[in-house]
1. May I ask you to say which residue of 290, 315, 360, 326 is over 15 Å from residue 40 (Cα atoms), within 14 Å of the ligand (Cβ to nearest atom) and surrounded by fewer than 19 Cβ atoms within 10 Å (Cβ to Cβ)?
2. For the range 343-357, how many residues meet the condition of being within 11 Å of the ligand (Cβ to nearest atom) and either surrounded by fewer than 24 Cβ atoms within 10 Å (Cβ to Cβ) or more than 20 Å from residue 457 (Cβ to Cβ) (or both)?
3. Considering only residues that are within 28 Å of residue 235 (Cβ to Cβ), touching a helix residue (DSSP H, G or I) at 6+ places or on another chain (Cβ under 7 Å) and in a strand (DSSP E or B), which ones fall in the range 9-41?
4. Please work out if residue 341 is outside any loop (DSSP other than H, G, I, E, B) and within 27 Å of residue 454 (Cβ to Cβ).
5. Determine whether the range 82-90 contains at least one residue that is in contact with a helix residue (DSSP H, G or I) (Cβ under 8 Å, 6 or more places away or on another chain), closer than 13 Å to residue 235 by Cα and within 16 Å of the ligand (Cβ to nearest atom).
6. Look at residue 130 and say whether it is surrounded by fewer than 17 Cβ atoms within 10 Å (Cβ to Cβ) and either at pLDDT 90 or above or not in a helix (DSSP H, G or I) (or both).
7. What strands (runs of 3 or more DSSP E) lie completely within the range 235-295 and have 3 or more residues being in contact with a helix residue (DSSP H, G or I) (Cβ under 9 Å, 6 or more places away or on another chain) and modelled with pLDDT of 95 or more?
Ligand code: IMP
């Protein structure tokens, strides 16, 4: 006979946190939101990779491209670039993120002195920034002859075939710094000379890289920025259980810092096979797996070697898996069940496996609940899709700005690998996701700052200064439907525009 679980499955909205004693230690500036991404022996060693804020962006076409990855890593989180695209284009996105080094960057717009104004304008459109290095051979490492910035030409007054050598700022008039100059000194030079960019050159006058004023200013304002040991932004990549033997080596070569098996149902031999192959060929590579919703699914992937495990089936905002297949579990119950299994696994083996709660975060307070229930970090799709930095179109619909957002299992994305049933593959028999709009919400950083402020405030109310402490101390209560109504503004006539963004 079938097993019937005794407890009904619940969502985040059915719980509230009961405050603990708040002490002098519990102020937002003292809260540490860093989270491990890779399994480790807790108490003996640190996780190989940590994110500075517990947010990763979903492995989705409508969410995680290189633009989102750069914006999120600069705020301390991490994107997993979508895998429902060719290996080449996914790797190109990874390379773009790794090239975007805050600090000394390799010049990606370069011309020789014979290039024309037309070439400069084309480069500007293609690369979307205004500084072009003029080198003897037109390469990023060539002998530096000058720079062209938007201040050097006036399109309305010049002919498009004018040679760069006639209007560039020549090297004699540029402030440069020698190879080996530290970032700090480079920034002092930028300030002292009131310039926007500083070329770094080697002893033979060849270009090593450029330091931009705006990067430094952003860095100062973003203490959480997530950088690798070479000060490059950290980025993850989605993979699937079909072409991993080709995709994984290419992604590693391109510089991906972590991988994540992207599947709607991770409790499968396909994930086992992929994990075993990756772990035996690339033992140092960080690879997460999922999604699962219970202890059995967790244990299976933990034993297969997954470095982190993703929780969630059917809770995504664009997801219709529960309606279509009748599988899944309320997200809160799933996180609680898997966390319990993870803690048991840690007690038995000494190995701590970070958990990621994926999908179904609607309100900011759900973020704190996910962490309190045992998730180390969370994956968000709808949340990030609303921002300027997501790859989709911003449209005016019914007088309001919206952004497009579609599921990986929708006909629009046709990510059949994610919904792989082990059959011949190559097609999806039915949809598991919808194509939708989400309200446009502006800049990622502004929204993330507000969400982080709320999570920290909740943690302070619960007497916690770190996610680990929060998980240990959190006390949760199931709320009745009437007490949910009590939780919003009620029995008052609310004034229009009297609500700050929630
Ligand atoms: P959201 O943050 O609630 O929008 O959920 C995002 C999550 O939904 C993703 O990280 C995936 O796990 C999941 N997801 C993405 N596309 C689909 C789909 O088409 N059907 C079902 N789930 C999806």
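The values are calculated or read from the model by the stated rules, or taken from the named source; none is laboratory data. Quick caveat, the model's predicted, so the values are computed rather than measured. So basically every Cβ, Gly included, is an ideal-geometry build from the backbone, and we count neighbours across all protein chains shown.
1. That would be 326, the only listed residue that is over 15 Å from residue 40 (Cα atoms), within 14 Å of the ligand (Cβ to nearest atom) and surrounded by fewer than 19 Cβ atoms within 10 Å (Cβ to Cβ).
2. 1
3. Within the range 9-41, 35 is the sole residue that qualifies.
4. no
5. Looking through the range 82-90, at least one residue is in contact with a helix residue (DSSP H, G or I) (Cβ under 8 Å, 6 or more places away or on another chain), closer than 13 Å to residue 235 by Cα and within 16 Å of the ligand (Cβ to nearest atom).
6. yes
7. 236-239, 287-292
Residue-by-condition table, conditions (1) surrounded by fewer than 21 Cβ atoms within 10 Å (Cβ to Cβ); (2) part of a loop (DSSP other than H, G, I, E, B); (3) within 16 Å of the ligand (Cβ to nearest atom); (4) free of Cβ contacts under 8 Å to residues at least 60 places away in the same chain:
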residue: 7; (1), (2), (3), (4): yes, yes, no, no
residue: 43; (1), (2), (3), (4): yes, yes, no, no
residue: 46; (1), (2), (3), (4): yes, yes, no, yes
residue: 59; (1), (2), (3), (4): no, yes, yes, no
